[in-house]
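The values are calculated or read from the model by the stated rules, or taken from the named source; none is laboratory data. Quantities reported herein were computed from a predicted structural model and do not represent experimental measurements. All Cβ positions, glycine included, derive from the backbone under ideal geometry; neighbour counts span all protein chains shown.
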Amino acid sequence: MRGPLPLAVAFLAGMFMIVSFFSPHPAVEKASGDFLNWVSIVSGFSILLGVVSIAQNNLAKVKRRQKEWPYAVVLLVALAVMLAGGVLEGTDSGTVYDALFQNVQAPMMTTMFSMLAFFIASAAYRAFRARTLQATLLLGTAVIVMLGRIPVGQAIYDGLPDLANWIMAVPNTAVQRGIIIGAALGGAATALRIVLGLERTYMGRG
């Protein structure tokens, strides 16, 4: 569906949400709440479509015997078992779904996060090389913050923990607020482009 109907729906829905944000009328607030509930329901169906898409792609990979296709078989089997367990028994404690989640999914997630620590350390080593003035300042700040979080830093200098806390509370917070403001402006600009029909990638158009 790539005609004017999706553009009209996006425009009307966007304008209604903008008006409801500034309108205190109870009927408008109720309609806005119902609309947000519909968005949650549609989002749930989109997750289901994502699962179906993953299953289709991995089935095609298994049929064509593409590279690393045995991993696709494991994914499909796990997906089928988790889905069947959740539908037949539910997700309460003691069910097959809960046992698989606690004994398989949770350890895999822990392993992945533990591996991310090494990747972050490797990226920090590459980023903190003092080749420029900015990199030198970043390196010095990182050393101060890391030393301020451990007892060795306090043993070196008593004021190091306070300095580390000040860096996290003042300069770091200022940078975070700048990033959040930039992301909010980018999101508002993208939403406005969608409402006005300038952004049409959600319709399958470039």
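Before moving on, here are some points about what is shown:
- Residues that are loosely packed, with under 13 Cβ neighbours inside 10 Å, among the β-branched types (Val, Ile, Thr) and without any contact (Cβ under 8 Å) to a residue 24 or more places away in the chain within the range 43-78 comprise 47, 52, 74, 77, listed in sequence order.
- Taken as a whole, the condition of being part of a helix (DSSP H, G or I) and at pLDDT below 85 applies to residue 14.
- One residue from 19, 81, 28 being in contact with a helix residue (DSSP H, G or I) (Cβ under 6 Å, 6 or more places away or on another chain), without any contact (Cβ under 8 Å) to a residue 40 or more places away in the chain and surrounded by 11 or more Cβ atoms within 10 Å (Cβ to Cβ): 28
- Exactly one residue among 169, 106, 183, 164 is hydrophobic (A, V, I, L, M, F, W, C), at pLDDT 85 or above, closer than 30 Å to residue 5 by Cα and surrounded by 10 or more Cβ atoms within 10 Å (Cβ to Cβ), and that residue is 183.
- Residue 117 surrounded by fewer than 12 Cβ atoms within 10 Å (Cβ to Cβ), out of contact with any helix residue (DSSP H, G or I) (no Cβ under 7 Å at 6 or more places or on another chain), modelled with pLDDT of 85 or more and farther than 30 Å from residue 86 by Cβ: no
- Single residue of the range 31-42 satisfying the filter (of a type in the set (Val, Ile, Thr) and under 18 Å from residue 12 (Cβ atoms)) that is surrounded by the fewest Cβ atoms within 10 Å (Cβ to Cβ): 42
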